[in-house]
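**Student:** Questions regarding the structure given below will be posed in turn.
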Amino acid sequence: MNLYDTIAALSTPPGRGGIGVIRLSGRDSLGIARQILKLSKTHPAPWTAQLAHLVDDAGHAVDQVVVTWFQAPKSYTAEDVVEIACHGAPVVLRHCLDRAMTAGARLAEPGEFTLRAYLNGRIDLPQAEAVRDLIEATTLFQARIAARQIEGSLSRRLKPLKNQLLELISLLEAGIDFAEDDISVAPSAEILRRLRPILDGVAQMVASFARGSVVRAGLTLAIVGRPNVGKSSLFNRLLAQDRAIVTDIPGTTRDLVSEVASIEGIPVKLVDTAGIRQGEGLVETLGIERSFQAMADADVTLVVICEPRTPEDDQLIARVESQGRWILVANKCDLLTSDDTRALNVSALTGQGIDALRRQILPAGITDPESGIVTTLRHERLLAESLGGLTQAGIATESGIPHEMLLLDLYAALAPLDAITGATTADDILNRIFSTFCIGK
């Protein structure tokens, strides 16, 4: 991949539509646009839109387009960027892209526009990863979280912690490198005082992944229970549409039925399962086996009962208690309520208790407006690795380990943070040493 080439790509989804946009980025973007378009102004002003005509090899107009030139460095990639908005006919978009490549551009690799934005200092790595999350968002809440990440919320939360770690490393390096100049090295108590807020801050970011992963990927909710307790009715009520077949005949649902619903902005995959009982045939038995598998795979299991309780209900509750997070729901409370204190009384028919059930499905505090939560597994793993190094540094300090060895743990904690925000060079450490201690030699 030559990062000095001018690249071009279709930036809108492929297919037929009202508008399609061809984007170019690189030093020759404007020159290529002049070759393939008849511009109304020979020298267009940057950051303004103007009408133009897309032409063929013979100079005949193919389409009337709108052209916008974003002059470097004030563009998405920090290079010259030209966006050509054509009518969304696939043949027109393909012609525009072919003409651009004939004029000197090359087809962009996947993600190359955002890669150039990162390499040119327009965005950092967490912001680049958040661009993908925003594109893939399926709910408005997910989009808001990704937008905050693009604006740098994660980087802003991590930056002061990394700076504090660099200051501690610089302090110890200075004491080792310039010991003959009577520069005092902080005692263990001072090192621990500086280390504690870094360790706590990184630990909080690691803990935020429990919520962030749910925000990004959503939950799977399995609805289980014996036949005719209203599982399919509850599934339809949560989904707000009639998706599953509902009848009075036991065993109507023989296979898994799944749909995705948005609950408080979190995508939740609802899985309606076959009623669990002693199977009365091969098909029903297979359906019940799939119900048990859905329970095992789900993030949350909704156990549906209705009065009067049966031994089958108690057996199912006993089984699900060992499989993670679960919610007990007593359906048909419009007919008879349950006195089980663990159960939430609801009515799929009337909607009573459904709002309370929706709130219980999501983990506590999942929609709190915390800034800079960790949403990707890569970041969580790196932060956990850094936390391990910081923990070891604390143990080493309390044990009186020499500072040369303590620095190994601190650098081990710094390396994963560099993998998130960008590398720290030896000059960064050296500059901090001199600026902190004013060594004037």
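**Student:** Test Arg99 against the stated conditions and say whether it is in contact with a helix residue (DSSP H, G or I) (Cβ under 7 Å, 6 or more places away or on another chain), over 29 Å from Ile266 (Cα atoms), part of a helix (DSSP H, G or I) and not β-branched (Val, Ile, Thr).
**Tutor:** Values: in contact with a helix residue (DSSP H, G or I) (Cβ under 7 Å, 6 or more places away or on another chain): yes; over 29 Å from Ile266 (Cα atoms): yes; part of a helix (DSSP H, G or I): yes; not β-branched (Val, Ile, Thr): yes.
So Arg99 passes the test.
**Student:** Pairs please, first residue from region 290-314 and closer than 17 Å to Leu234 by Cβ and in contact (Cβ under 8 Å) with a residue 12 or more places away in the chain, second anywhere and of a type in the set (D, E, K, R) and surrounded by fewer than 18 Cβ atoms within 10 Å (Cβ to Cβ), Cβ atoms under 6 Å, 6+ apart in sequence or on different chains.
**Tutor:** Pairs that qualify, where the first residue is closer than 17 Å to Leu234 by Cβ and in contact (Cβ under 8 Å) with a residue 12 or more places away in the chain and the partner is of a type in the set (D, E, K, R) and surrounded by fewer than 18 Cβ atoms within 10 Å (Cβ to Cβ), are Val300/Arg325.
**Student:** Follow-up. Here are some residues: Leu37, Leu54, Leu30. Which one is touching a residue at least 40 places away in the same chain (Cβ under 8 Å) and either under 30 Å from Ile150 (Cβ atoms) or charged (D, E, K, R) (or both)?
**Tutor:** Numbers: Leu37 fails: either under 30 Å from Ile150 (Cβ atoms) or charged (D, E, K, R) (or both); Leu54 fails: either under 30 Å from Ile150 (Cβ atoms) or charged (D, E, K, R) (or both).
Of the residues listed, the single one that is touching a residue at least 40 places away in the same chain (Cβ under 8 Å) and either under 30 Å from Ile150 (Cβ atoms) or charged (D, E, K, R) (or both) is Leu30.
**Student:** Then there is this: Could you please give the count of residues in region 163-185 that are at pLDDT below 80, among the hydrophobic types (A, V, I, L, M, F, W, C) and in a helix (DSSP H, G or I)?
**Tutor:** Quick first cut of region 163-185, residues at pLDDT below 80 only: 174-185.
Now restrict to residues that are among the hydrophobic types (A, V, I, L, M, F, W, C): 174, 176, 178-179, 183, 185.
Keeping just the survivors that are in a helix (DSSP H, G or I) gives 174, 176, 179.
The qualifying residues number 3.
**Student:** I'm told Ala49 meets every condition in (1) under 20 Å from Arg116 (Cα atoms); (2) at pLDDT 90 or above except one. Can you identify the failing condition by its number?
**Tutor:** Result: Ala49 fails condition (1) only.
**Student:** Still on this model: Restricting attention to region 124-131, does a residue exist that is in the same structural domain as Arg16 (by TED's automatic domain parsing), in a loop (DSSP other than H, G, I, E, B), buried (at least 16 other Cβ atoms within 10 Å of the Cβ) and under 27 Å from the mean Cα position of the chain (by Cα)?
**Tutor:** In the first step, residues of region 124-131 are kept if they are in the same structural domain as Arg16 (by TED's automatic domain parsing); the result is none.
No, region 124-131 contains no residue that is in the same structural domain as Arg16 (by TED's automatic domain parsing), in a loop (DSSP other than H, G, I, E, B), buried (at least 16 other Cβ atoms within 10 Å of the Cβ) and under 27 Å from the mean Cα position of the chain (by Cα).
**Student:** Any residue at all in region 62-74 that's in contact (Cβ under 8 Å) with a residue 60 or more places away in the chain, surrounded by 13 or more Cβ atoms within 10 Å (Cβ to Cβ) and within 17 Å of Ala105 (Cα to Cα)? Talk me through it step by step, then tell me what you get.
**Tutor:** Of all residues in region 62-74, those in contact (Cβ under 8 Å) with a residue 60 or more places away in the chain come to none.
No.
**Student:** Residues in region 68-100 that are over 18 Å from Gly17 (Cα atoms) and of a type in the set (A, V, I, L, M, F, W, C): how many?
**Tutor:** 7
**Student:** In region 388-403, which residues are in contact (Cβ under 8 Å) with a residue 60 or more places away in the chain and either surrounded by fewer than 20 Cβ atoms within 10 Å (Cβ to Cβ) or of a type outside the set (A, V, I, L, M, F, W, C) (or both)?
**Tutor:** Residues of region 388-403 that are in contact (Cβ under 8 Å) with a residue 60 or more places away in the chain, as a first pass: 390-391, 393-394, 397-398, 400, 403.
Result: Thr391, Gly394, Thr397, Glu398, Gly400, His403.
**Student:** A follow-up question, please. What strands (runs of 3 or more DSSP E), lying completely within region 1-76, carry at least 1 residues that are under 30 Å from Glu136 (Cα atoms)? Lay out the reasoning, then the answer.
**Tutor:** Values: elements: 7-10, 17-25, 37-39, 49-55, 61-70.
Because the criterion is at least 1 residues that are under 30 Å from Glu136 (Cα atoms), the strands (runs of 3 or more DSSP E) in region 1-76 that meet it are 7-10, 17-25, 49-55, 61-70.
The values are calculated or read from the model by the stated rules, or taken from the named source; none is laboratory data. Predicted, not measured: the structure shown is a model, and the values here were computed from it. Backbone-built Cβ (ideal geometry, glycine too); neighbour counts: all protein chains shown.
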